[in-house]
Structure formats: structure tokens, C-alpha cells
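This report concerns only the one structure given below.
The values are calculated or read from the model by the stated rules, or taken from the named source; none is laboratory data. Note that this is a predicted model, so its numbers are computed, not measured. Reconstructed Cβ throughout: ideal geometry from the backbone, glycine too, with neighbour counts over all protein chains shown. For accessibility, only protein heavy atoms count, side chains too; no ligands or nucleic acids. Shrake-Rupley method; radii C 1.70, N 1.55, O 1.52, S 1.80 Å.
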Amino acid sequence: METKIVTIDKLDSPESVEEKLACAGGIIRQGGLVAFPTETVYGLGGDALNPESARKIYAAKGRPSDNPLIIHIADMAHLNQVVCEIPEKAQKLAYAFWPGPLTMIFKKAAIVPYQTTGGLDTVAVRMPSHPLASLFIKKAGGYVAAPSANLSGKPSPTNARYVVQDMDGRIDMIIDAEGVEIGLESTIVDMTSEVPVILRPGYITQQMLSGVVGETDMDVTIYDSSSALAPKAPGMKYRHYAPRGELVIVEGDPQKVVKYINEQAALHEADGKRTGIIGTQETLSEYRASSIKNAGSRSDFRVAARQLYTFLREFDDEDIAYIYAESFADKGLGQAVMNRLLKAAGHKVVQV
Ligand code: TXA
Ligand code: MG
């Protein structure tokens, strides 16, 4: 299949943007697949109400079909169409955080095919804030099922270059545009229980959620790799975001962390093995290795969130065999960064 790559930039007139997105929306209506930017990561979109589109999405990603898709909407009124009931707390969260990087789980309505929900009676819904995503969804008919636009097992793509790397020849169109600012996937909250449960941490933090609806819980399987329980978000059970090199997170006093990482890096490099480091503004100048990445200041996790997946892909491109990452405080957006980093590392953490 030939994949059409359509670039939308600031110089495009509103009419030209409208025309390009109408074309992309038409592909979705006809059962095709289009990758599009959102404020979190690129999505791989298909018609959420068409079982055949869901099948194509799983095939393009190489993803197990028991892993449910998120339905993206652009109009608050459309939520009613795809869910059975909207609990009051969900209404409050929608008013507070939609459009934005929040996905909520509801009991599904009959029109949502089981192919979209991976056989579940619940459905995940999100209303993205990226203006092009919003217009694209409208042109596509209002209901776009979209996982992240990466091959299964690769980091979610935060720029079109990585979407092309993974999806060229597998889907109908890729929309290349700016505005993928957050860099980690949306926060997922299960609204089907009395106390909302966070299934995947993201930019909308537990503190922000609790500020609107009071008590919230965190799915225990998010941090506890030894838990025998299955995660409630089926996708969280798969090994994710794994770089080819062996990734280890190093925790402890910052000076000890730097010393330990430099010692390990020196050993590997002496052995001819290229080593990568994810450091922070505060420690960066002290590191010595083949590839050193700057995850921003330790007092602001936004850079780490935005760059993490790019770093992981770059380490692969740079043929890095060993990777050491500093750890990030388990609070606010740091929770989401740590959650993805732990998954990428297969939970390998060294205390120094
Ligand atoms: O930011 C995002 O959420 C991005 C952009 C494209 O919107 N999408 C995304 O989709 O990350 P995906 O498919 O890569 O991750 C969706 C996660 C999976 O872990 C899946 O198991 C979970 O959501 N999920 C979907 N429906 C669910 C349901 N009914 N119950 C529990 N978990 C669900
Ligand atoms: Mg994904």
C-alpha cells in the first residue's frame, strides 16, 4: 500500500487545512487508516464504529486484538452515543479536562463494536485538544478509534518521522504537523466504579483529578511489577517501549548516581559497547559516555515527558548497547515519566 504523507504547517491557509483534513476524514469514512497528531502522541485512526477498521488497526500495528482502542471524539454531545451512562463524576472530569489528555472508561453502548473494545463491555473515550485532531475527527464522522501510531512494542511516536518509520506502507495516510507537546500518552481513568481508578498515569495527575472528584485510586499493577493481578488496562500488561539496549534506572543520592553511572559507562565503553545516559540539567556536564541525553531540570518534568520516547528511539538509531537513566520523583507528572521509564527498563532499578 502506498502511504500518502500530508504536511500541514503554519503557512497553510484555513481553506487548505480544511481541504487536507476533509480528504483524511474521507479515508476514515471509507474504512481506511490515517495517522494524525494529538497533544499527547500521534494516533493511528480508523472508524470506531466499523469492525473492519479495528481489524486493520491491529494488523497495521502488529498488535494483539484483545488490546482495546480509545475512541476519540470532538464534540461533548457525542459521548452519549458511545456509552450507556455518564456518571456524575465523569461529567465533572469532562468539564474540567476535556478537550485534553484524559481518557475515561465507561460501560459501552451497543453501537460500539466489540472489535473496537477488544471484546470488553467497557469503552475508553477521549476528546483531544490538538486543533487539527479535533477538526480531523469531525471530518471523519465524529468517532475515531486510535491507538498510538507505533508498531507494537516500540515507543509511541511524538513526531511524524517516527510514524513514517513504523507505518509507511501499512496505512493510507500520515498527517505531519506540529503540536505534539506532551509526549506521553493520556491519563486513563476507569469511571465504572464509585471511586475512579487511574489505570495509566499521564499529564493529568492524580492530584488534579482528586481536586475535581475527591477520592481516586491508582491501579496497583502500575508500579508493582511483582503483582500477580492483571492490569485493568489490558495494554499495560504488554512489554512496552523497550529500546534494544539494556536499560537500567539508577536511584539514590545524585552524586552517588553520577559516580555509579560513569563507572558503569566506562567499563562498557572500554569493552567496546556504546553506552547511553539519560541525565538532567543539574548533572549533565558530569557524565562521560557515547550518548548523553538532557531530560531537563529535576524541578520540572515536562521536558522529560516530552523527550523520553525520542531518547529511546535515538538510542536504537545510535546503536547503544547499555543505557542508564536517573530516576524521577514519583509525584505529579514525574509519576507518568517513571511509569513509562520502568516499563522500558523492564523494572530494572539499581539503588546506590
Ligand atoms: O494519548 C493517548 O491516549 C494516545 C493518543 C493517540 O490519543 N492513545 C493511546 O492509545 O495511547 P493506546 O491504544 O496506545 O493505549 C490505550 C490504552 C491501552 O493500554 C488499552 O489497554 C487501554 O487504553 N484501554 C482501552 N480501552 C480500555 C477499556 N475499555 N478498559 C481498560 N483499558 C482500556
Ligand atoms: Mg500505545
Mean-position separation - Cα centroids, region 297-352 and region 29-58, in angstrom: 28 Å
Global size of region 71-184 as Cα Rg and Dmax, reported in angstrom: 14.8, 44
Peptide ranges 162-175, 77-90 listed from the most packed, as the mean C-beta count within 10 angstrom indicates: 162-175, 77-90
Fraction of accessible area attributable to carbon and sulfur, the chain (%, probe 1.4 Å): 50 percent
Proximal aspartates and glutamates to Lys107, defined as alpha-carbon separation beneath 12 angstrom and excluding residues fewer than eight positions away on the same chain: Glu85, Asp121, Asp190
Gain upon complete extension [Gln81, Ser193; 0.36 nm per residue less C-alpha separation]: 38.3 nm
For region 253-293 versus region 60-115, the gap between their alpha-carbon centres in whole angstrom: 43 Å
Long-range tail of P(r) for the chain (Cα pairs > 34 Å, %): 25 percent
Normalised convex hull volume, region 14-150, alpha-carbon set, Å³ per residue: 91 Å³
Partner lysines for Lys138 [C-alpha distance under 18 Å; skip if fewer than 8 residues away on the same chain]: Lys20
Set Lys108/Lys343; Lys4/Lys343; Lys293/Lys348; Lys259/Lys348; Lys10/Lys139 screened for pairs whose C-alpha atoms are more than 22 Å apart: Lys108/Lys343; Lys4/Lys343
Residues with amide H under 5 Å from that of Ala149, placed H, sequence gap 5 or more: Tyr42, Gly43, Leu44
Mean separation of Cα contacts under 8 Å, 6 or more apart, over the residue count of the chain: relative contact order %: 19 percent
Spread of Cα-to-Cα distances over 10 Å intervals beginning at zero, given as percent, for region 1-62: 20, 50, 26, 5
Range of Cα positions in region 246-351 per principal axis (Å), largest first: 39, 28, 24
Extension reserve of the Ala329-Ile111 stretch, reckoned as 0.36 nm per residue once the Cα distance is removed: 74.2 nm
Computed [θ] at 222 nm, deg cm²/dmol, the chain (DSSP H ≥ 4; -39,500 (n - 2.57); rounded to nearest 500): -9500 deg cm²/dmol
Estimated distance in nm for a label pair at Gln30 and Val212, the labels positioned 7 Å out from Cα along Cα-to-Cβ: 3.8 nm
